[in-house]
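Computed from the coordinates by the stated procedures, all read-outs in this text should not be read as laboratory data. Remember, predicted model here, so these are calculated numbers, not experimental data. Quick reminder, even Gly has a Cβ in these numbers, built from the backbone with ideal geometry, and neighbours come from all protein chains shown.
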Amino acid sequence: MYMKNFEKLRVLFSYLSAKIYGRKVCASHVKDVDGIVSASILYSKFKNPIIFLLETYEVGDRFLNLLKWDVVVDLPPFKKMKFYVDHHASNSLFKAEKSVYNPSAKCAAELLFEALKPLSHEEILREAVELAKRTDSASYLSDPPLIDTVNDYDEAWDLNDAVKGLNKEERLDLAKKIVSEGLKALNDEKIQEAIRKVRKVRTRTYSFAEQIPSSEFLILTSKNTFSEEKISFSAIPFILFKKGVKVVLICSLNKGNGKVKCSINRQPCFKGVSVRGFAEKHGGGGHDAASGFMTSLPLEKIIEDAFKWAEQKKLKTKHVNLNTLYPKN
């Protein structure tokens, strides 16, 4: 059980309405640029599609798997799909009437763009896809911008930070704006404010991460969920990589369901180790360099498993309780 009853009723109403009026029912990833650019492509290709932005773990919801989806992109597969597009190696087992699957692709939006060929907004969407490729493969051309950064950073960061700073409905609005305005949509004052908010948190996170000791493999845990308005968990690995850390596992309690939410990231140039296997062992998946999972296992068991995994990979390991560094969270 992942969705609350009122959410299921909202989804069901939208689904039935779409079927009555001949609108496509689509699902894309809520969390990142790849999912939002994919949504832009769907808005460009189809007339008034219904698009649900979902977390990867929500795809396991039994209710959602009763529905038949027209397009699913950048997510694990549902049981009933007409068209499936993805590039995650962990999502290789699926059934769909038609599919485009390539784990070598840098992002799902790239595959969706080539498959649907939305010619009416081709140049605008091609530019957005190029940014999605950089963000999803962590191939930025510059370091993450902070609140005092003015020049000389990759514009992919603008789109990334806009997505991170907006809520789900605002991300759908951004996807629509990209179709009509291209990257000029990012100049909207509300979106600029979202970008500034993300960079304030990132700046605070840099100061916080300086307190974290280094090791080849760091296991970072928090039994209290950190407020995203205070610390950005997603920024921590990239800060630590600059200190020589090779792999970072971050585990924290999820507010919604009480489960432990984990992300595991590898330094991009440290290609001798894939983190995907560790995530898949715990019911998740992703990429060789960045994966994640959510589990009902106790935090202590995950830490134990992580130490065993690190020993197999011959990595020096250290466990740090983040709450001891940020006790007032």
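Looking only at the stretch 43-82, count every residue that is under 19 Å from Asn102 (Cα atoms) and assigned to a helix (DSSP H, G or I) and tell me the total. Outline the logic, then answer.
Quick first cut of the stretch 43-82, residues under 19 Å from Asn102 (Cα atoms) only: 56, 71-78, 81-82.
Cutting the leftovers down to assigned to a helix (DSSP H, G or I) gives us 56.
Qualifying residue count for the region: 1.
Looking only at the stretch 279-329, how many residues end up being in contact with a Gly (Cβ under 9 Å, 6 or more places away or on another chain), under 16 Å from Val260 (Cα atoms) and of a type outside the set (Gly, Ala, Ser)?
Of the residues in that region, 4 qualify.
Every residue, every condition in (1) buried (at least 22 other Cβ atoms within 10 Å of the Cβ); (2) of a type in the set (S, T, N, Q), yes or no:
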| site | (1), (2) |
| --- | --- |
| Met3 | no, no |
| Cys26 | yes, no |
| Ile41 | yes, no |
| Lys47 | no, no |
| Glu58 | no, no |
| Asn65 | no, yes |
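Of the numbered conditions (1) out of contact with any helix residue (DSSP H, G or I) (no Cβ under 9 Å at 6 or more places or on another chain); (2) in contact (Cβ under 8 Å) with a residue 60 or more places away in the chain, Gly292 fails exactly one; give the number of that condition.
Among (1) out of contact with any helix residue (DSSP H, G or I) (no Cβ under 9 Å at 6 or more places or on another chain); (2) in contact (Cβ under 8 Å) with a residue 60 or more places away in the chain, the lone unmet condition for Gly292 is (1).
Of the residues Asp173, Asp143, which is surrounded by fewer than 22 Cβ atoms within 10 Å (Cβ to Cβ) and either touching a strand residue (DSSP E or B) at 6+ places or on another chain (Cβ under 6 Å) or not in a helix (DSSP H, G or I) (or both)?
Details: Asp173 fails: either touching a strand residue (DSSP E or B) at 6+ places or on another chain (Cβ under 6 Å) or not in a helix (DSSP H, G or I) (or both).
Every option except Asp143 fails the conditions.
Going through Tyr43, Tyr84, Tyr21, Tyr101 one at a time, which residue ends up being in contact (Cβ under 8 Å) with a residue 60 or more places away in the chain and either touching a His at 6+ places or on another chain (Cβ under 7 Å) or of a type in the set (Ser, Thr, Tyr) (or both)?
Details: Tyr84 fails: in contact (Cβ under 8 Å) with a residue 60 or more places away in the chain; Tyr21 fails: in contact (Cβ under 8 Å) with a residue 60 or more places away in the chain; Tyr101 fails: in contact (Cβ under 8 Å) with a residue 60 or more places away in the chain.
Going through Tyr43, Tyr84, Tyr21, Tyr101 in turn, the sole match is Tyr43.
Taking Gly182 and the conditions (1) at positive phi; (2) surrounded by fewer than 16 Cβ atoms within 10 Å (Cβ to Cβ), which numbered condition does it fall short on, given that it satisfies the others?
(2)
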